[in-house]
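Notes for the one structure printed next.
Just so you know, all these numbers are worked out from the coordinates, no wet-lab data involved. Keep in mind that this is a model prediction, so the values were computed, not measured. Note that we place each Cβ from the backbone using ideal geometry, even for glycine, and neighbour counts take in every protein chain shown.
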Amino acid sequence: MSRLVGAALRLTVVVGEYDTWHHRPLYSEIVHRAHAAGLAGASVFRGVEGFGASSLIHTSRLLSLGEDLPVAVVIVDTEERVRAFLPELDELAPEGLVTLERCEVLLPRPPAAGGPGADAEGERG
């Protein structure tokens, strides 16, 4: 895994939460392959409602029992590394929605002396 700061590319893959790859959740397979490829980071976000090409609305409301909600896998790394990963998605999610957006990765700044998280001498503790 690489530490990334500066210009980057955000890859988002939207699939159904019940989509699978060889009996494993598809979103999990994508994350594990991104990790194996050494990408800087990946996260999975579960939607509460949405629709796609089928035009069927999937929702987490009680009456629908939360069937097959949308799941977004978000991966961030350099443009070169993200684009090199795209062939993996062709194999895994040929029908999923895939988007790419340019972004900038920022490192968190340490708190100012005396700010939240600092002790009496202004040191983080």
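A few points about this structure:
- Couplings 3J(HN,Hα) of region 29-40, computed from phi: 4, 4, 4, 5, 5, 5, 5, 5, 7, x, 5, 5 Hz, in residue order, whole Hz [Karplus 6.51 cos²θ - 1.76 cosθ + 1.60, θ = phi - 60°; x for Gly and Pro].
- Hull volume in cubic angstrom per residue (convex hull over the Cα atoms of region 67-114): 123 Å³
- Per-residue extension of 0.36 nm, minus the Cα-Cα distance of Glu67 and Arg102, leaves a gain of 9.4 nm for this segment.
- Relative packing of peptides 21-34, 93-106, 68-81, 38-51 - highest average C-beta neighbours within 10 Å first: 68-81, 21-34, 38-51, 93-106
- Net charge of the neighbourhood of Glu79, taken over other residues with C-beta under 15 Å away and scored Lys/Arg +1, Asp/Glu -1, is 0.
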